[in-house]
Every structure is written in C-alpha cells, then in structure tokens.
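Below is one structure, written out as structure tokens; the observations come after it.
The values are calculated or read from the model by the stated rules, or taken from the named source; none is laboratory data. Small disclaimer: the values here were computed from a predicted structure and weren't measured. Glycine gets a Cβ as well: all are built from the backbone with ideal geometry, and neighbour counts include every protein chain shown.
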C-alpha cells in the first residue's frame, strides 16, 4: 500500500492499511476542522477517519440498523434513514462537505441526491465505480453478458446497484446540474491514480473507480 | 364483570402516596414550584431513588425519567407490588446503564402517587387529600421539580437524561429548558407533542374514571371509596395502545380462556379479554385514580414547539447536548415519524444527534422489554459520551 502513503499523507499508517483507497482519497480532500455529512456511512469507517485525522465534526446517514448501531458505539452521530428521502430534511448550507462514497449507483435518484448534496453542503465528494472500464465493456462486447467484477460481484437479478454510470456520464451530469469539478481522481484497478492530465477517454477506459470533488457554481 | 375488589383500602399504596419508603426531599413554602398553570405548589415533596455512587467530580449522574404509570423504583423492588424495578433490564450492575459506573437517579413525577406531591397527598391547608385541588401539572412542571431535586443533590450537570414515552417527553423538556445541564440525552419512544389520537385515548380513560360513581367528584379518598372499575377500564383501554396488533395476534389470536367453546355470554371467553381484565384489576391496586387524571393531562398539554414560537428547532437552538433518539417499528402510539420530527429539528439546529429505529413487534412498550438492539444502542451511546465527558470506566 505504498501508494496510499502518497495519496493520504495526513492519515495514520494503521488507518491507511485498514481503509479503502477511495476513503483515503476522500479524507485527503477534506479540510481540517470542517463539518461533514457522510451519506450511506456504513459502519462509520470514513467518519471515524475524518474525526480522528481531520478533526472534523462528522455526521452520517445510514440505512441499516446494524451500521447505525456500530456508528453509535463508536461515538459517531448517525441517523438511521434513507438518502433517497431524508436529505430533503436538511437545511441549506449545513455542512462544508457532503460525501457519497460508492453508493451513488445504488440510489433511486442519483441526480436529485447530488443536487441535494450541493444544497446542504458547500462541496460534495462523490466516489463511484466506473462502468466504462475496459474490462466491463469487454464483458458486454465479447461475452454478451452483464458484467461482474471483484468490486461489483452481484448478478443482474440480485444487484442493489440500479444506476451505474461511466466517468464521462458523471462529468456530463455535473455540467447539467451546473456543478463545478474542483478535483477529480481516477484509480486503476490496482488502486493507483491515473496520470493527471490524461484525457477523459483514458480515465473512462482505465479508471476502475473515480472520486470527484464538486462545488456549486 | 371486572374482578377488582371495591372498597378494599389499598394500604400499601395509600402509605406510599404520602409517607413512602423512598428518600424524600421536602421543599418548604419559601421554595414553591411555580406551575405552568400559574399556581404555586407548596410545600413540595419529591420521592426518589438512587443507584450506584456519585463520583468526586459529580460528572456521572444519569437521570431516568419514568413513564405515565411508572415510579422511582427503576431497579429496586416496588414496595406496593413487591415486583422488581420497572427497568431492571436496562439499569443495574453491568447493565447498559451501568450502576457500577453511573449514579442513577429517578424521582416520582409531580402529580404521581408514589410519594412525590400529587392528588393523593395530604393538602396541609385542609388536612385532607388534595384531590382536584392540586393544580394541573405539566411535563415542564415535572422537569422543574426534578431540577430542584438535582440542585438538592448538589449536581450541576447531568451526564445523561433518559426515559421512554412520557419519560422521553421529560428528556426533551430537560434538553430544551436546561441545555447546559444535560451532557447527553436519550429520549426513547417519545414525541415532542402529544397527538390528537393520543389525547383522545387519554380522554377515554379519564371519562371512564369520572363516570365511576365511586369517583365522587375526585373526593373519593375522603369518603373511603375508590373508583376502581373506572380506573381499571382506563388501564384496559390504554394497555391496548401499548401493544402492536401483530403481537396481540401472535400472543392471543382468538384463543379461548380455559374453555373449549364460546359460552354465549359476556364472560371473558377470549384470552385477550381475560388478559386485559387482569391488567386492569392489578393496576388499580397500585395506582391512584386522580393521579391518573393528572399525569395523563400533563402529556396532553405537552407541545414543546409551542413554547418556542411553534418551532421545534428553536427549542434546541445552539444546544451542545449529544442526543440519541430511539423509536420502534411497531409503536403506533409514538410512531417513528414523531421521533423523526425530533431528529429533523435537532439537525436543523446543528445538534449532535443519532437516531435508531429498532425493529420489533412489541409496540410502544418495547422500551421496557428485553431488547438486545436497544441495549446495544444505549451501551454504545453512553460509552462514547462517557469518553467525551471523561468518566472513567470504573466510578471514582
């Protein structure tokens, strides 16, 4: 995980080893001493990382009771709820960052959710699996089957992922909703960032996942 | 007919109302409780119980607020019924609210009948029970009285205030009235206001009591009678609201009580009837009918937002209290939507809030029962809060 050191220098080694690469990237994008909402925060791994390493006032929304209990036990402030509905209840400008990590593809209303994130927070950070990766394209093109990968193991009939997109699709959506991309990183399937300045089509072909830092225009 | 025993004086209950076995703080007439009704209540007695030890920093006090017909015997034998405390699943050594670590306080509410001033207490002005001469009290009055007790115990800031149902209403009132005195708050199966439906159920109960000829316009204690039938019916009606339809079906269904076939009479043919009659008749042995009128009324009047210009968020504005709000899926008396309204208001105010909806078929009464998810949530929330408050693992 030596590349992780380069990605997230402000993060403790013990945490680095345990955390997913996209979480470390996200942690690096968050300024210290800010207010953060993690949408779909799971067991609170990212929230804990942010509160311990970035001194962030960290809040979360999580659908599963198990996840919420894990978070509460960690001392995190987490609300059991459904992002597709409950984001509407937050006032404007409540947070500095609203984070959605690896969850966009499982939401019913991805566009609405990103718009809400940018209403509630000054910035939004979104990480998602890239459906434009060449291995996924190859499965459809050559096998004629719905793709499954190590990161996306579900079959089409039992997947929670209902709204896949490619990196280029996502970029198009940010234009449509008038969001500005402040930063973006694509990671290849070994978790290494793809060269900065590479054209979108390279990212779209070789990016296994992407992380975007968005801001309201 | 109900199998209650009219005209039997329930001596243990009568004793507990005015001279309880619990510790009692008496506030002299120079320290009256000014009620929301605008009437001073004085002298004021507050009966309470404590468990565990207060640490040297006085930072480990947990105030438990009891529900409608609860009392101060959270984790000690009830002197009237002889039964264990009403929250022994939650409070005790090694329990989620760990008495090896926390100093747990619970007091009987104002208007109650277990030693705190209520309608069955003797009115020193007349030498007779107050009856309806007691001013109508509110949840805020209950909390004011608790604050007087906490002052008396020399505690500035409570580590946590928690309770279910009406107890949860008191938790919310504490957090709103005394935000700097509440480090953490855990309202369970609660609401920031009593709904129209809930007021309606309470009114049915009160009317049942007042329709009993033995109620005697509230002066029954003077006349040596008690409106036991009315109070039992009130309890039966209320008890239905504490359980879910699913749990009733699962437990009783249409099963018959000790018989093979219906008797074609108005006997308690069905198990559910027999169960409810039992609930009613055992309740009247431990509770005062006028107290039931007062305490139900206090819940009806509860509308926290109304005290803050109609905005619940304003009630919690700028609060630094850590909240954990808990609801139950099958609770239709205080449904999850009520808890969500509290969470939304806290979020709007930027408060630190967690919210858990626990899946159970046990209805509103779930907070009193053996529910591992509730215990896990409570334990986690308190442990994290204790770390933040600097309370050591073992009480000092």
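Would you say residue B:280 is at negative phi, buried (at least 18 other Cβ atoms within 10 Å of the Cβ), in contact with a helix residue (DSSP H, G or I) (Cβ under 8 Å, 6 or more places away or on another chain) and in the same structural domain as residue B:222 (by TED's automatic domain parsing)? Quick ask: steps written out before the conclusion?
Numbers: at negative phi: yes; buried (at least 18 other Cβ atoms within 10 Å of the Cβ): yes; in contact with a helix residue (DSSP H, G or I) (Cβ under 8 Å, 6 or more places away or on another chain): yes; in the same structural domain as residue B:222 (by TED's automatic domain parsing): yes.
When the stated conditions are applied, residue B:280 passes them.
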> Can you tell me which residues in region A:12-34 are more than 17 Å from the chain's Cα centre (by Cα) and either buried (at least 22 other Cβ atoms within 10 Å of the Cβ) or modelled with pLDDT of 90 or more (or both)?
Replying inline: A:32, A:33, A:34
> more than 10 Å from chain A (Cβ to nearest Cβ) and at pLDDT 95 or above - does that describe any residue in region B:342-355?
Replying inline: yes
>> Please count how many residues of region B:96-123 are assigned to a loop (DSSP other than H, G, I, E, B) and within 20 Å of residue B:59 (Cβ to Cβ).
In response: 5
>> Can you confirm whether residue B:321 is assigned by TED's automatic domain parsing to the domain that holds residue B:132 and in contact with a helix residue (DSSP H, G or I) (Cβ under 9 Å, 6 or more places away or on another chain)?
In response: yes
> Which of (1) surrounded by 19 or more Cβ atoms within 10 Å (Cβ to Cβ); (2) over 22 Å from residue A:28 (Cα atoms) does residue A:200 not meet, given it meets every other one?
Replying inline: (1)
> Looking at A:189, A:175, A:123, A:119, which is the one that is at pLDDT 95 or above and not in a helix (DSSP H, G or I)?
Replying inline: A:123
>> List the helices (runs of 4 or more DSSP H) inside region A:27-92, counting only whole elements, that have at least 3 residues being more than 10 Å from chain B (Cβ to nearest Cβ).
In response: A:45-53, A:83-86
> Just to be sure, is residue A:60 touching a strand residue (DSSP E or B) at 6+ places or on another chain (Cβ under 8 Å), closer than 21 Å to residue B:376 by Cβ and without any contact (Cβ under 8 Å) to a residue 24 or more places away in the chain?
Replying inline: yes
>> Could you tell me how many of the residues in region B:369-392 are surrounded by fewer than 21 Cβ atoms within 10 Å (Cβ to Cβ), more than 9 Å from chain A (Cβ to nearest Cβ) and touching a strand residue (DSSP E or B) at 6+ places or on another chain (Cβ under 7 Å)?
In response: 2
> If we only count helices (runs of 4 or more DSSP H) wholly inside region B:223-333, which ones have 2 or more residues that are under 20 Å from residue B:111 (Cα atoms)?
Replying inline: B:228-241, B:271-284, B:289-300
> Checking residue B:359 against (1) within 16 Å of residue A:64 (Cα to Cα); (2) at the interface with chain A (Cβ under 7 Å from one of its Cβ atoms); (3) buried (at least 19 other Cβ atoms within 10 Å of the Cβ), which test does it fail?
Replying inline: (3)
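Scan B:334, B:283, B:287, B:264 and give me the residue that is free of Cβ contacts under 8 Å to residues at least 24 places away in the same chain and away from chain A (no Cβ under 13 Å). Break it down into steps so the answer makes sense when it comes.
Numbers: B:334 fails: free of Cβ contacts under 8 Å to residues at least 24 places away in the same chain; B:283 fails: free of Cβ contacts under 8 Å to residues at least 24 places away in the same chain; B:287 fails: free of Cβ contacts under 8 Å to residues at least 24 places away in the same chain.
Just a single option satisfies the conditions, and that option is B:264.
Suppose the filter is away from chain A (no Cβ under 11 Å), buried (at least 22 other Cβ atoms within 10 Å of the Cβ) and touching a helix residue (DSSP H, G or I) at 6+ places or on another chain (Cβ under 8 Å); does residue B:316 pass it?
Yes.
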